[in-house]
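Everything below concerns the one structure shown next.
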Amino acid sequence: MKMIIRGGRVLDPVSKRDEIADLYIQNGLVALPFEADSSTQIIDAAGRLVAPGFIDMHVHLREPGFEAKETIATGTAAAVRGGFTGVACMPNTNPVADNAAIIEFIKNKALEAGRCGVYPVGAITRGSQGKEMAELAGMRESGAVAFSDDGQPVKDAWMMRLAMQYCKMLGAVIISHCEEKSLVAGGVMHEGYYSTILGLKGIPAAAEEIMVSRDIILAAETGCPVHIAHISTAGSVALVREAKKRGISVTAEVTPHHFSLTDGAVADYSTNAKVNPPLRGEADLQAVLAGLADGTIDVIATDHAPHTYDEKNVEFDLAPFGMVGLETAVGLVWSELVHKGILTPLQAVAKLSFNPASILGLNRGMLTEGAAADITIIDPDLEETVDPAKFAGKGRNTPFTGRKLKGMPVMTIVAGEIKYQRSQKSGVRSRESEVRSQNEGTV
Ligand code: DOR
Ligand code: ZN
């Protein structure tokens with residue numbers, strides 16, 4: 001019931017607090033300082049970062065329907081191992097989460113799993129087919145935090161406009177998967193140098209940018225907040241930057257793979273690097289980094305997309321798009337952004353906690369007194385080599401196998417309960433104070 005996290009660097013993006021301090025937790029909430037008694041759990045966080053629980057606002061949990069890829073139980077196990085205390089799950093399940101009953105099902109399964117917060121995203125259109133509007137109001141009432149046809153674009157501008165008018169009324173954000181299908185036309189990777197030499201059909205940057213522009217125009221017209229999912233091109237970053245300057249209610253997320261890899265990762269025809277939107281060129285990657293640094297890109301979200309070994313173990317053209325992300329995200333954020341000076345720890349924490357929470361209207365992502373005690377503790381110096389065999393999730397489809405990451409989540413606390421604690425054996429540091437965290441595993 002009572003816990004004190006001692007001596008960590010407390011990072012609270014809302015209050016801009018960044019200082020060494022003790023954090024007190026009581027009854028699942030952040031509390032005012034109290035005296036420890038024999039029942040108080042003491043966590044030594046010296047040398048660690050103590051942040052509001054991370055929320056991944058873009059994951060595919062695959063249940064119902066694709067349980068061979070992932071389930072709500074395994075996906076949330078991956079989440080807490082990756083330092084996430086909450087995930088928003090996309091509706092491209094089977095059946096598609098396009099009605100209140102499925103939203104309820106997901107919430108019940110998440111409660112049963114008992115690991116972390118699960119915030120369902122409802123489909124915009126029935127079956128995400130783009131033809132008829134789904135039951136947005138009913139889903140909203142059942143707890144859908146946002147609406148998206150992710151995996152597919154809403155092809156028809158009239159339909160997207162209508163959805164925005166509804167969502168404006170419902171106070172819900174639209175998460176837009178931006179893809180102009182007539183330009184994708186069967187493409188399987190970024191259209192550029194590598195697609196040419198590999199002989200693979202390319203997806204041009206314009207396929208994304210046309211839809212980003214359309215949805216910005218519709219957001220301006222309807223007043224509905226629009227969140228651009230997995231932004232990947234320099235042109236899209238520029239469009240969002242410009243729209244924000246004009247006061248349009250648009251936000252954007254980028255995945256760890258889009259800020260740390262280019263289309264060069266596909267050069268060996270590795271299907272684990274086949275994602276949608278595709279890994280782009282070096283100039284796009286640089287633009288994404290600039291967008292993160294200047295605040296154009298609000299959120300880091302994984303697009304965790306597990307697939308089975310057999311599904312990915314086929315010719316590049318035939319493999320499904322997607323890679324897992326939950327268990328490598330924090331390590332990539334620290335290795336590629338924080339340690340390289342692109343983001344401060346406080347900025348990184350904001351993009352992983354408060355920003356996604358506020359876009360989704362969740363009362364999360366802060367460490368002020370009375371806030372839910374969802375906490376992520378990071379060891380910024382802990383080095384770990386990515387080994388998919390250790391993943392808690394079912395998917396092994398990552399192109400980061402063997403990559404050394406520096407800065408790993410070491411403890412995940414949800415509503416005041418430790419849900420995951422990382423073994424330090426693989427780390428370079430071994431200090432007396434770390435003996436507390438022994439058994440790696442999901443609690
Ligand atoms: O790479 C992707 N995988 N992109 C998407 O938009 C969908 C996702 C999936 O569901 O596998
Ligand atoms: Zn998508």
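The values are calculated or read from the model by the stated rules, or taken from the named source; none is laboratory data. Predicted model, so just to flag it, every value in this text is computed and none were measured. Cβ coordinates were reconstructed from backbone atoms using ideal geometry, including for glycine residues, and neighbour counts include every protein chain displayed.
Quick notes on this one:
Per-residue answers, yes or no, for (1) out of contact with any Phe, Trp or Tyr (no Cβ under 9 Å at 6 or more places or on another chain); (2) crowded, with 24+ Cβ neighbours inside 10 Å:
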| site | (1), (2) |
| --- | --- |
| Arg126 | yes, no |
| Gly130 | yes, no |
| Arg140 | no, no |
| Ala144 | no, yes |
| Ala157 | yes, no |
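- If the condition is being in contact (Cβ under 8 Å) with a residue 60 or more places away in the chain and among the aliphatic types (A, V, I, L, M), then the range 71-113 contributes Ala77, Ala78, Ala79, Val80, Val87, Ala88, Met90.
Here is a yes/no grid of residues against (1) in a loop (DSSP other than H, G, I, E, B); (2) basic (Lys, Arg); (3) buried (at least 20 other Cβ atoms within 10 Å of the Cβ):
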| residue | (1), (2), (3) |
| --- | --- |
| His307 | yes, no, yes |
| Asp317 | no, no, no |
| Pro320 | yes, no, no |
| Leu337 | no, no, yes |
| Lys340 | yes, yes, no |
| Thr376 | no, no, yes |
| Pro380 | no, no, no |
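- Residue within the range 272-290 that is more than 20 Å from Thr401 (Cβ to Cβ), modelled with pLDDT of 95 or more, within 14 Å of the chain's Cα centre (by Cα) and of a type in the set (D, E, K, R) present: no
- Long-range neighbours under 6 Å by Cβ, at least six apart or interchain, first residue farther than 30 Å from Gly143 by Cβ and more than 13 Å from ligand 2 (Cβ to nearest atom) within the range 169-183, second modelled with pLDDT of 95 or more and assigned to a loop (DSSP other than H, G, I, E, B): Leu183/Pro204
- Yes/no for Glu209 being of a type in the set (D, E, K, R) and either more than 15 Å from ligand 2 (Cβ to nearest atom) or touching a strand residue (DSSP E or B) at 6+ places or on another chain (Cβ under 9 Å) (or both): yes
- Whichever residue in the range 247-283 is more than 18 Å from Glu327 (Cα to Cα), among the polar types (S, T, N, Q) and within 16 Å of ligand 2 (Cβ to nearest atom) and, among such residues, is surrounded by the fewest Cβ atoms within 10 Å (Cβ to Cβ): Asn276
- Any hit, the range 343-355, residues being touching a strand residue (DSSP E or B) at 6+ places or on another chain (Cβ under 6 Å), modelled with pLDDT of 95 or more, within 16 Å of ligand 2 (Cβ to nearest atom) and not charged (D, E, K, R): no
- Among residues of the range 199-215, those that are crowded, with 24+ Cβ neighbours inside 10 Å and part of a helix (DSSP H, G or I), counted: 4
- Hits in the range 15-45 - residues which are surrounded by 13 or more Cβ atoms within 10 Å (Cβ to Cβ), out of contact with any Gly (no Cβ under 8 Å at 6 or more places or on another chain) and outside any strand (DSSP E or B): Ala36
- Against the numbered list (1) part of a helix (DSSP H, G or I); (2) more than 16 Å from ligand 1 (Cβ to nearest atom); (3) more than 18 Å from the chain's Cα centre (by Cα), Glu311 comes up short only at (2).
- Matching residues in the range 182-198 - criterion: being of a type in the set (Gly, Ala, Ser) and assigned to a loop (DSSP other than H, G, I, E, B): Ala185, Gly186, Gly187, Gly192
- Within the range 221-244, the set of residues being more than 16 Å from ligand 2 (Cβ to nearest atom) and more than 19 Å from Asn355 (Cα to Cα) comprises Glu221, Thr222, Gly223, Ala234, Gly235, Ala238, Leu239, Glu242.
- Selection of the range 46-72 for residues being farther than 21 Å from Arg9 by Cβ, aliphatic (A, V, I, L, M) and part of a strand (DSSP E or B) yields Met57, Val59.
- Checked across the range 149-157, the condition of being among the hydrophobic types (A, V, I, L, M, F, W, C) and within 16 Å of ligand 2 (Cβ to nearest atom) holds for at least one residue.
- Only residues that are touching a strand residue (DSSP E or B) at 6+ places or on another chain (Cβ under 7 Å) and surrounded by 23 or more Cβ atoms within 10 Å (Cβ to Cβ) were counted in the range 391-409, giving 3.
- Residues of the range 263-298 that are touching a His at 6+ places or on another chain (Cβ under 8 Å), among the aliphatic types (A, V, I, L, M), away from ligand 1 (no atom under 11 Å from the Cβ) and closer than 18 Å to His58 by Cβ: Val288 alone.
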